[in-house]
Number of protein chains: 2
Amino acid sequence: MSGFACVGRKVHKIDAFDKVTGRAVYGHDLRIPGMLHGRILRSAHAHARIAEIDARPALGVPGVHAVITAADAKTGNIGFLQDHPVLKGDRVRSFRDEVAAVAASSEEAAEEACSRIIVKYEPLPAVFDPFEAMAPGAPQLHDSAPANIIKFGYDFNEGDADKALESSAFTAEGTFRTHYVTHCCMETCFALAVFGRGGSLTFHSSTQIPYLMQNTLSRVTGVPAWKIRIRQPVIGGAFGSKLDVYPYEIIAILLAQRTGRPVKITYTREEEFRCTPTRQPMVIRMSAGCDREGKLTARKAEAVLDNGAYTSWGITTPHIMLTGISSLYKVPNVSFKAFSVYTNNAYASAFRGYGNPQGTFANEQLIDELALKAGIDPVEFRLRNANTPGSVTPQRFRITTCGLSECIRKAAERIGFGGPKAANEGVGIACMFHVGGGGRVYKSDGCGVIAKLDDFGRLSLMTGATEIGTGSDTAMAMIGAECLGLPLDAVSVINDDTDVGPWDVGIHASRMTFIGGNAVIMACEDIKDQLREHAAPMIGSDPKNLEFRDSKIIDCMNPDRNIEISRVVRAVHFREKGRMIVGKGFYDPPNEFQGKDFRGNVSSTYAFAAHAVRVRVDPSTGKIAVLKFVAAHDVGRAINPLGLEGQVHGAIAQGLGFALSEQLVYDKGRLLNDNFTDYKMLLARDMPAEIEIHFIETDDPEGPFGAKGVSEAGIIPIPAAVANAVADAVGIRIRTLPMTPENVHSALKAAGKAT
Amino acid sequence: MSGFACVGRKVHKIDAFDKVTGRAVYGHDLRIPGMLHGRILRSAHAHARIAEIDARPALGVPGVHAVITAADAKTGNIGFLQDHPVLKGDRVRSFRDEVAAVAASSEEAAEEACSRIIVKYEPLPAVFDPFEAMAPGAPQLHDSAPANIIKFGYDFNEGDADKALESSAFTAEGTFRTHYVTHCCMETCFALAVFGRGGSLTFHSSTQIPYLMQNTLSRVTGVPAWKIRIRQPVIGGAFGSKLDVYPYEIIAILLAQRTGRPVKITYTREEEFRCTPTRQPMVIRMSAGCDREGKLTARKAEAVLDNGAYTSWGITTPHIMLTGISSLYKVPNVSFKAFSVYTNNAYASAFRGYGNPQGTFANEQLIDELALKAGIDPVEFRLRNANTPGSVTPQRFRITTCGLSECIRKAAERIGFGGPKAANEGVGIACMFHVGGGGRVYKSDGCGVIAKLDDFGRLSLMTGATEIGTGSDTAMAMIGAECLGLPLDAVSVINDDTDVGPWDVGIHASRMTFIGGNAVIMACEDIKDQLREHAAPMIGSDPKNLEFRDSKIIDCMNPDRNIEISRVVRAVHFREKGRMIVGKGFYDPPNEFQGKDFRGNVSSTYAFAAHAVRVRVDPSTGKIAVLKFVAAHDVGRAINPLGLEGQVHGAIAQGLGFALSEQLVYDKGRLLNDNFTDYKMLLARDMPAEIEIHFIETDDPEGPFGAKGVSEAGIIPIPAAVANAVADAVGIRIRTLPMTPENVHSALKAAGKAT
């Protein structure tokens, strides 16, 4: 294991003990004396004018402290384009819209009070399909968006895709449709707003963006940002859903302001399903071409996204979809257009992989179709086109390390490509390309770490890097332990408080281990410099020769000269003009903000993976059984292979759920399945009987100990890999998700292959 | 106000809002899923052999998870001399002794289980008076202490006190007796032990010594110190009582180890009275002399202290008693002897002022007696002997700033010394000398601060400096605000976690504002250096000319050149190779560890005060009414005059309680008054109708903005001042505390003055 003491060892996550023993304190567990409970009254219509709100009956419910509506709670708008009023005063545009809110001494009283608020609506015609929404005469949702088309579109061109397609030896094309799914965080949403001295606000939140949130809360509520402190309890899942600020969070603050009491809002599971944003559904029309040797010539994609009633991060999913479309494999000509359309549906946010799973669902099926047409084995086809180190993609992504070919070979070999198959059995492969070295979405893509080493050799890493269950805390602790040669149990990660942790842009774009890990290294190097300076005279060595291992500082030229690290700390501390050993690091990667032309090296390295699946399709039911799953990932370096495996396992469950079973079912904007009985996540028993996970270590020069970010990667190729395997098994190509038994059976039937 | 923007303003304590709204989270409020409740079974005898403990019946109580006794829970001893077993296996030496402990799912179950444990005792003769304990044939409590005299005594001699007394023009002498009082923290003791990953221990505690506690817990329990994290919730009072580690704390850890669950122990109020340590009671025989001009010639003191059954910090109270005896006023010849004696009483710990209130009770009464004999007004007498700047005391304390004379004059003037008095009315004055610039008790007297300035100009001060209600957080925040020119509400103090705050020796010796404040200044200067470097080119100024005020950096030579601080932070942060603004400071004062000869400049400055009281003694009841109280304190600089006033008000309540009404009443080692009905703390209505507090600002060169430590000072002169006023009122001298109506009436009766 490459001479590392801690990195590369399979260790339990450092937060696992508290979580499995039930000791972890989540937002729902928080109680503050005097705390009230907030509840939100939501729209009864998908689209309506609000004629009148009579909140007075609610005030008569015992225990009610305040009722607020848009009329008496003015705030700024939220949303990516600030098109989203926190409380809706004149008009509702979806069933999830917030019309009024109550703070009461119990959840029951708040619920009862909400039910007594009388809202008179004047229903308006509604629209639930983006194409219908663009049609003349469709209800108009926002003045800023004629024909409901949001003025935030994507148009990327490299070379001439149309021309290249025309002159290609083979082309394939199709229209692909992806559906509504939701994050299914095990912890439902919560917000707890507490006003303190001088009007300062402590906001307890499971946000992924504590520091950006300070800004947004300030802008929307008017509380100065320097009076806002964000505290994060243990977070029970996020997957991108907590990258934005939502109305319930502002409402908790408004209610706390109004009542002078701490106010907590928690969602029921039903509310979580109904009221949190979704993955952005879209329709993608894509074409691809190759030459006779199977070299890709061009890709062209047009996507229309159902934005729902308000903007959140969903509207930017084309950004990441484009990443895969432009840069998975070498493609000289690329054309990409995408835009989002307002409808009266639920609105969409970020979700693991952003648009990349959707784009790759189209992308990687066309690869198989091209391979078939060119008469080339799909594995061989992919290898011929695979990205290579040192290449630059149409978006000017500079590929440094790249293990894509190894991933393809490993996945293909282990799934048994080209080997025997039973009846109705098939194998499929799909690859993915994603940012792996941060993603510069904001002016800074940085993360700060303050490292404190105490008298006993205990290392604290204080950071803004948020842990949402990905294992980033563990990776950062392992990196700290590795740097200083300390046992892992001597490292503590503190990241629950903006007053403590230095700035971090937020946990997104698979960036935390990569960027937080590099910041840990910088802070530890700072500490090592300080320790070397003091240790050298203590053991009569040259500072340059001092290494850190086994909790000691050791002269590598003369290992007999060594000293306990903690002894050095104490010597520095317990003397005249003593000092403490504190290091700091702020790592902002050498990546680039993309221009308006969508070009620029947005990440300082890139992650690659190939997934291969073996499925059996039951022609009588349409049910797809995933018999074996092989995931091969270029992770740069596996800091904690056990954690990485867990992350890929989770991605397989989530990705297969997305591909096969999960779906929010709406009827005219109203959600029909707001529970885990009717919304089918995969259970342990639904998982493939055989799962193999392989890590390709490419030792990325910019990564911490060579690591790349991989937390999103695992979900991206799955729907495509399954669809390719289904095509291999039963010769039908599924272009609409999810591949439920019902949908697959219909497709089989249409092809005359159902039994 | 001397050009300060924040320092010197009267502000509410920064923790006041949360405390008065009930939102502060104290140890008792902590709940951890799966947490068990611990209870302790204590001795039924003041002194006995334990023949047998049958814990089995306790295990039958539903909800009981574990019962432990000394037999199955081996640990190291605790106590200043490590004479104190955590659980007593063979022998109990006082009623508070821990014999067994239970962890159960409820407090009730734990209590019930304790009551079922069967302990067979063989009672031993007990001794409750230190003089009886030294007598031949007395029961021997510890093998290490023949005749029960603890081998940790004090013997200090400067000049020749005996000779000087012989040749003095006037001498006075007396035997003074002080009694048992307790701290009466509003929050009773708690301990919550939580074991986590890899056997790491998070110990939630209201300790005053989080970093020293890591060490002690490790030594006693065997958990490595690098696996121990101390977390401090809001602390409901300490007053020195939490400077040591006590058996209940180790027991919580043992029970958590045994059960694999978090275990919390909380004391009932009765337990708090019975089982927490007390102020060390003592008998002091003291003589003093002066020449014809009233110049002090010598002081001689001998003290015998009742240590109780085990050592804690009580045994070191002579150290601080000596401080006042050697160094209040200029005295060329000093002799001081003190030792502690084991008895079967409660043992004693540190308590605000340590031995100084006791010593000063004797010291300052003899001053009045000498003044009377010399025919000099007691105020004039004190002024003639007052310490002066630049002088050195017999213990080699180097007086730098000294406002004692101003304090004496102010107190005397405002109480109306020499003015008219009604019948049975009297005025009294007493002064005090105490450390005011830290006190080097350990190798380091330091405190560390990490300061983080965020993008919005919010300043976090992370520190090990513990807030126990003295207002130190507020002082540190004000100092930070002053340094950087920020609003006070923009400053946050984080000091609840050893993993976050850098090392601090603990809150004792009135050191926190002085030492923590200096550490804040160092950390803020570090930040200012960083900001100046970046701001200078932004506004075209020389870094040397840049000042910080009104949240701006301003060129003092050209104030039009200025820039918002937060803008500079953002500029540093949001750029290539961005940085964060983090400063650090570790301040260890230039004071000295005392030698075995009790000489050495233990504090880097000293605090002085004079208190004057006007009393009326009711000769028919002996009741002392305090009509007016004037406190004049040399505080160096009043950082927060409102907080300081509160601190002196508190000291007056606590000091008058000590002088007049508070007393733990024991009957053969058994406490008779374990509640606030029978233990009389002063209520608001018992406080003097008129209280004046005056601050003398001597602008100490070593103090933060000139401040000295003052938190203990307020209690020290009070019993002496009251006794002097009583003597002035009715001509009797009370040398035994407390001066309850009963005791005063007896004294009046003995003098033939009762009516």
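About its Cα centre, how strong a charge dipole does chain A have in debye, to the nearest 20, once Lys and Arg get +1 and Asp and Glu get -1 at the Cβ?
Numbers: 82 positive and 84 negative charges, 98 e Å.
My answer is approximately 460 debye.
At 10 °C and 1.306 mPa s, grab the translational diffusion coefficient of the protein assembly as shown from Stokes-Einstein with a Kirkwood Rh over Cα pairs, rounded to a whole number in µm² per second. Could you put the intermediate results ahead of the total?
On the way: Rh = 35.8 Å.
In µm²/s, the coefficient is 44.
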* Between residue B:751 and residue B:574, what is the label-to-label distance in nm when each label sits 7 Å out along the Cα-to-Cβ direction? -> 7.6
* To do: Give the calculated FRET efficiency between residue B:649 and residue B:742 to the nearest 0.05, with a Förster radius of 22 Å applied to their Cβ-Cβ distance.
  => 0.20
* One decimal, nm, shortest first: give the distances between the label point of residue B:137 and those of the same position in the other copies, each label point 7 Å from Cα along Cα→Cβ. => 11.9
* Structure fact -> Nearest-0.05 FRET efficiency for residue B:596 and residue A:25 at R0 = 41 Å, using Cβ-Cβ distance, is 0.25
* Which one of B:347, B:156, B:435 has its Cα pushed farthest toward the positive end of the charge dipole of chain B, where Lys and Arg give +1 and Asp and Glu give -1 at the Cβ? -> B:347
* Asked: Any idea which of B:185, B:247, B:217 is furthest toward the positive side of the dipole for the range B:181-310, if Lys and Arg beta-carbons carry +1 and Asp and Glu beta-carbons -1?
  -> B:217
* Asked: Straight-line reach from residue A:708: which aspartates and glutamates have a Cα under 14 Å away, not including same-chain ones fewer than 8 places off?
  -> A:634, A:697, A:699, A:700
* Roughly how many debye, to the nearest 20, is the charge dipole of the protein assembly as shown about its Cα centre, given +1 on each Lys and Arg Cβ, -1 on each Asp and Glu Cβ, and no other charges? -> 260
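Give a quick list of trypsin sites (Lys or Arg not before Pro) in the range B:262-318 that DSSP marks as loop, anything other than H, G, I, E or B, with at most 15 other Cβ atoms within 10 Å.
Details: sites: B:264, B:269, B:274, B:279, B:285, B:292, B:295, B:299, B:300; in loops: B:279, B:292, B:295.
Hits after loop and neighbour filter: B:292.
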* Asked: Excluding residue A:743 itself, what net charge comes from residues whose Cβ is under 12 Å from its Cβ, given Lys and Arg +1 and Asp and Glu -1?
  -> +3
* Given the pairs A:528/B:552; A:577/B:596; A:584/B:227; A:452/A:577, which span a C-alpha to C-alpha distance of over 27 angstrom in this model? -> A:528/B:552
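Would you work out the relative contact order for the range B:1-148, in percent, from Cα pairs under 8 angstrom that are 6 or more residues apart? Before the final figure, lay out the partial values.
Working: 227 pairs, mean separation 42.5, N = 148.
That works out to 29 percent.
First check a/c for chain B, with a ≥ b ≥ c the square roots of the eigenvalues of its C-alpha gyration tensor; if it is under 1.5, answer rounded, and if not, answer prolate when a/b is larger than b/c or oblate otherwise. Intermediate results must be reported in sequence, preceding the final value.
Values: a/c = 1.85, a/b = 1.06, b/c = 1.75.
Verdict is oblate for chain B.
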* **Label distances, nm, residue A:733 versus same residue in remaining copies, Cβ-directed 7 Å point** => 11.1
* Asked: In the structure shown, do any of B:300/B:749; B:74/B:120; B:410/B:753; B:373/B:421 have a Cα-Cα gap over 26 Å, and if so which?
  -> B:300/B:749; B:410/B:753
* Structure fact -> Per-residue average of other protein chain Cβ atoms inside 10 Å, peptide B:17-23 -> 5
* Residue-averaged beta-carbon neighbours from other chains (10 angstrom radius) around B:28-35 -> 3
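So for each of B:653-661, B:463-471, A:189-197 I average, over its residues, the number of other beta carbons within 10 Å; can you give me the resulting order with the highest mean first? Walk me through the intermediate numbers first.
On the way: B:653-661: 24.7, B:463-471: 26.7, A:189-197: 23.0.
Highest-to-lowest ranking by the protection proxy: B:463-471, B:653-661, A:189-197.
Kirkwood Rh over alpha-carbon pairs of the range A:68-198, then Stokes-Einstein at 25 °C and 0.890 mPa s: what D in µm² s⁻¹, rounded to an integer? Could the numbers behind the result be given before it?
Working: Rh = 20.1 Å.
Diffusion coefficient, whole number: 122 µm²/s.
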* Assigned charges on the beta-carbon of Lys, Arg, Asp, Glu; the range A:399-445 dipole about Cα centre (debye) -> 100
* Hey, rough spin-label estimate for residue A:525 and residue A:683, points 7 angstrom out along Cα→Cβ, what's it come to in nanometres? -> 5.1
* Span from the the range B:689-755 Cα centroid across to the the range B:25-83 one, whole angstrom -> 42
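Stretched out fully, how many nm does the piece from residue B:388 to residue B:105 gain, at 0.36 nm a residue minus the Cα gap? Mind dumping the intermediate values first?
Working: separation 283, 0.36 × 283 = 101.88 nm, distance 6.12 nm.
95.8 nm is the gain from fully extending residue B:388 to residue B:105.
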* Structure fact -> Highest mean packing first, using Cβ neighbours within 10 angstrom, the peptides B:402-413, B:640-651 sort as B:402-413, B:640-651
* Say the dipole of the range B:580-732 comes from +1 at the beta carbon of Lys and Arg and -1 at that of Asp and Glu; which of B:591, B:721, B:707 then lies farthest toward its positive end? -> B:721
* To do: Determine the shape class of the range B:591-721: with a ≥ b ≥ c the square roots of the Cα gyration tensor eigenvalues, call it rounded for a/c under 1.5, and otherwise prolate if a/b is greater than b/c, oblate otherwise.
  => oblate
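Let a ≥ b ≥ c be the square roots of the eigenvalues of the Cα gyration tensor of the range A:103-142; is it rounded (a/c under 1.5), or, if not, prolate (a/b larger than b/c) or oblate?
Numbers: a/c = 5.30, a/b = 3.07, b/c = 1.72.
It is prolate, given that a/c is not under 1.5 and a/b is the larger ratio.
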* chain B, helix-only ellipticity at 222 nm - DSSP H runs n ≥ 4, -39,500 (n - 2.57), divided by all residues, nearest 500 -> -8000 deg cm²/dmol
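No lab work stands behind these numbers, since they all come straight from the coordinates. Everything numeric in this text was worked out from a predicted model, so none of it was measured. In this analysis, Cβ positions are derived from the backbone assuming ideal geometry, glycine residues included, and neighbour counts consider all displayed protein chains.
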